[in-house]
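A short reminder: the numbers here are calculations on the coordinates, not readings from a lab. Just so you know, these numbers come straight off a predicted model, no measurement behind them. No Cβ is skipped: glycine too gets one built from the backbone with ideal geometry, and neighbour counts run over all protein chains shown.
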Amino acid sequence: MRVFIINFGYCLLILNFILYAIGFFKQGKSYKIFTVYLLLLVIVELISTVLMLLYNNNLLMSHFYFIGQFILLSMFYLNLVKDQFQKKTIKIGFVLVLLTLAVQYGLKPELFVRFNLYEIFITSFLLIIYATFHFYNMLDEKKEFYFINMGILLYLFGSTILFLVGNLTVKFSAKFSFITWILNAILIVVYYLFILYEWKVSYFKRKVSSID
């Protein structure tokens, strides 16, 4: 079952990237940034799979995933929000997080080969705040990337909790660890379905209408 869910998630991710990449040059900056984010996810998943097959360990890629996701989604929300306070918050958070992570990895390079709980928490927590900013703004503005934003919030809330116990699961039974990663795989699938639905609602219908 776990293999099926993971493979289904991979297929959804690749499908999402292809669909969004088709309209890459026709859409705005936020759309382009999010498409590059999907490309990052595809690359990370591909390399992670190869490392797992060759060395049975792909924890190194988790850092590229969390930091890359933080950078691109911060840029995504920075381009979406209009309020100057929100923009300053995103910019300050962006600099502080990257700076503190650089210092941390400089002092403790051994963190590269295991989950970095600080990295997981701080990058996800700030992205949740940025997504909340966007939800608040959509109360009075155009509901742009509504379902993507909802998917990001749902996924980050759930996955952050699961990743934070990632270092602890090795101390529990194999069954507990299995359940943890199954739940995370399901969250990823749900997140990718939100992204796919956003494309269907916001871009597929628009494309069909223009043809008609």
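Below are the figures for this structure:
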{"item": "Debye, to nearest 20: dipole size of the chain, +1 on Lys, Arg Cβ, -1 on Asp, Glu Cβ", "result": "200"}
{"item": "Cross-link pairs beyond the 19 Å C-alpha cut-off, checked among Lys26/Lys91; Lys88/Lys142; Lys82/Lys142", "result": "Lys26/Lys91; Lys88/Lys142"}
{"item": "Among Asn56, Phe121, Tyr37 - extreme Cα towards positive end, dipole of the chain, charges at beta-carbon", "result": "Tyr37"}
{"item": "Leu164/Leu107 FRET efficiency (R0 25 Å; Cβ-Cβ; nearest 0.05)", "result": "0.70"}
{"item": "J(HN,Hα) series, the stretch 91-105, from Karplus relation 6.51 cos²θ - 1.76 cosθ + 1.60, nearest Hz, glycine and proline x", "result": "5, 5, x, 4, 5, 5, 5, 5, 5, 5, 5, 4, 5, 4, 6"}
{"item": "Cα centroid of the stretch 113-143 to Cα centroid of the stretch 24-55, whole Å", "result": "19"}
{"item": "Calculated Rg and Dmax of the chain using C-alpha coordinates, Å", "result": "17.8, 60"}
{"item": "Gain on full stretching of the segment that runs from Lys143 to Lys91 - 0.36 nm per residue minus C-alpha separation", "result": "16.4 nm"}
{"item": "Between 0 and 90°, nearest 10: helix 60-80 axis offset from the chain longest Cα axis", "result": "20"}
{"item": "From phi via Karplus (6.51, -1.76, 1.60), per-residue ³J(HN,Hα) for the stretch 114-128 in Hz, x at Gly/Pro", "result": "8, 5, 9, 4, 5, 4, 4, 5, 5, 5, 6, 4, 5, 5, 5"}
